[in-house]
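Colleague: Right, I'll just put the structure down here and ask away after.
The values are calculated or read from the model by the stated rules, or taken from the named source; none is laboratory data. Keep in mind that what you see is a predicted model, and the values were worked out from it rather than measured. Cβ: placed from backbone, ideal geometry, glycine included. Neighbour counts: every protein chain shown.
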Amino acid sequence: MNEIVELIKKLPKAELHLHIEGSLEPELMLKLAKKNKIKIPYKNIDEIKNAYNFHNLQSFLDIYYQAAKVLIDEQDFFDLTWAYMLKSKENNIVHTEIFFDPQTHTDRGIKFDHVINGIHSATFKAEKELGITSKIIMCFLRHLDEHSAFKTLEQALVHKNKIIGVGLDSSEVGNPPKKFKNVFSKSIEENFLTVAHAGEEGSPEYIWEALDILKVKRIDHGVQCLKDEKLIQRLRNDEIPLTVCPLSNIKLKVFEKLQDHTLKKLLNKGLTVTINSDDPAYFGGYLNTNFIESQMALDLHKEDIKTLVINSFKSSFLSEKKKKKWIDQINNLV
Ligand code: ADE
Ligand code: ZN
C-alpha cells in the first residue's frame, strides 16, 4: 500500500467536528424507523443514498433533520453513538469531541435526558472497552431563536458533568453569531467552553463575530477566512483552530472539487487546521477517507499530515498532559 496512506491509517487521531446525528447510517435509519414505527420517505438503502444529492447546506439539513426523527429512546441514541465509536476504532481515532443537537429532538417531544444519557453511556463504554476518550458538545440550532437556546441551556445544567461545551450549527446565512450573544455569555458564566460553525457558507464577518462576540475557542469550518487578510492574521496570532471538513465542503458545494479546496493554503498561512468528517454517513466517508482523499487531491506531504494530526490534539479540550502524551507518540511515529 502507498506509504502515506499507511501512515494516515496508523497515526492516532482526534476528531473535533462530528455531528452524532450525521453519523446515522442508512442501515440503522431503516432499522430504527421500523422499530419505532416512524414513516420515512425511503423503502431501502439505495433510495436513501440516492436522496443524498445536495446543492448547498440547507438542502442537506432538510434531509438530516427528517432522518433524525427515527431516534426516539435512550437506546437509539446509545446505538447511534456506539456505531460511531466502532467506526472511530477502525479509523484509529483515539479521542473525539462529539456534537449533538438537543433541539432537533426536544422539539419533537423527546426528553433531553434520554438524548444525553444515551450518547454519554456509549462514550463511557467506548473509553472502557475501546480506549477512546470523548467530550460532548451541545449545539444550539441557529435557525431557531435565542430564547429556545436559553431553554436548552437550562436543560443542560443538570448534565454539566457530561457536557464540556456549547456550539452553534444549522443554517448559517441569515443567522449570524451575534444573534446568540447572550446565551453564549451565559454559557461561559456556567463554565461551558464555546465553539461555533462560522465561515462555512457565511462571510468572514461571521467568523469575526464568533471570535469577538461569542468568544469561541475554535471555529468550525472557517474556510471563508481566506477572503480577509486581517482575519487570517487574527486567527494565526491567537492560534484559533479551524475544524475543516473537506468531504463535507465538496458534498455541500462550498468548493466544486477537492482539488479546489483551500485546506493546503490555510496550512501554508500558518493557521491551526484540523481535518474532520462532519456528517460522515452523508458525505461519503469517515476521518481516514477525509485524510486520504485530501492528501491525494492536494498533494499533502508527510509533514502536512503530521501537522494536521498534531493540530487535532493541540486543538482538543484534552488536558495538557494528555495532549502531550499523544503528540509525543506522533513524534515517535513520524
Ligand atoms: N449540522 C450538521 N452538519 C452541519 C454543517 N455542516 N453545518 C451546519 N450545521 C450542521
Ligand atoms: Zn458541522
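Colleague: Which of (1) part of a strand (DSSP E or B); (2) farther than 21 Å from residue 278 by Cβ does residue 42 not meet, given it meets every other one?
Modeller: (1)
Colleague: Being crowded, with 17+ Cβ neighbours inside 10 Å, in a helix (DSSP H, G or I), of a type in the set (A, V, I, L, M, F, W, C) and out of contact with any strand residue (DSSP E or B) (no Cβ under 8 Å at 6 or more places or on another chain) is true for just one of 126, 149, 156, 122. Which residue is that?
Modeller: Selected residue: 122, the only one of 126, 149, 156, 122 that is crowded, with 17+ Cβ neighbours inside 10 Å, in a helix (DSSP H, G or I), of a type in the set (A, V, I, L, M, F, W, C) and out of contact with any strand residue (DSSP E or B) (no Cβ under 8 Å at 6 or more places or on another chain).
Colleague: Separate question: Take the residues in the range 207-244 that are surrounded by fewer than 24 Cβ atoms within 10 Å (Cβ to Cβ) and of a type in the set (S, T, N, Q); name whichever of them is nearest to ligand 2 (Cβ to nearest atom).
Modeller: 224
Colleague: Take residue 174 and tell me if it is within 16 Å of ligand 2 (Cβ to nearest atom) and of a type outside the set (Ser, Thr, Tyr).
Modeller: no
Colleague: In addition: Given the condition closer than 25 Å to residue 143 by Cα, away from ligand 2 (no atom under 15 Å from the Cβ), touching a residue at least 24 places away in the same chain (Cβ under 8 Å) and surrounded by 22 or more Cβ atoms within 10 Å (Cβ to Cβ), answer yes or no: does some residue in the range 41-64 qualify?
Modeller: no
Colleague: What's the number of the only condition in (1) of a type in the set (Asp, Glu); (2) farther than 20 Å from residue 100 by Cα; (3) under 17 Å from the mean Cα position of the chain (by Cα) that residue 21 fails to meet?
Modeller: Residue 21 satisfies all of (1) of a type in the set (Asp, Glu); (2) farther than 20 Å from residue 100 by Cα; (3) under 17 Å from the mean Cα position of the chain (by Cα) except (2).
Colleague: Might you let me know whether the range 245-257 holds any residue that is surrounded by fewer than 24 Cβ atoms within 10 Å (Cβ to Cβ) and under 25 Å from residue 164 (Cα atoms)?
Modeller: no
Colleague: Give the range 192-206 a look and list any residue that's within 16 Å of ligand 2 (Cβ to nearest atom), of a type outside the set (A, V, I, L, M) and more than 20 Å from residue 152 (Cα to Cα), or say none.
Modeller: 199, 200, 201, 202, 206, listed by residue number.
Colleague: Restricting to the range 73-90, give me the number of residues that are among the polar types (S, T, N, Q) and either at positive phi or buried (at least 22 other Cβ atoms within 10 Å of the Cβ) (or both).
Modeller: Count: 2.
Colleague: Taking the range 284-299 on its own, how many of its residues are buried (at least 22 other Cβ atoms within 10 Å of the Cβ) and without any contact (Cβ under 8 Å) to a residue 60 or more places away in the chain?
Modeller: 2
Colleague: Being in contact with a helix residue (DSSP H, G or I) (Cβ under 7 Å, 6 or more places away or on another chain) and within 16 Å of ligand 2 (Cβ to nearest atom) is the requirement here; does residue 284 meet it?
Modeller: yes
Colleague: Sticking with this one: Looking only at the range 78-86, decide whether some residue is in contact with a strand residue (DSSP E or B) (Cβ under 9 Å, 6 or more places away or on another chain), modelled with pLDDT of 95 or more and within 16 Å of ligand 1 (Cβ to nearest atom).
Modeller: yes
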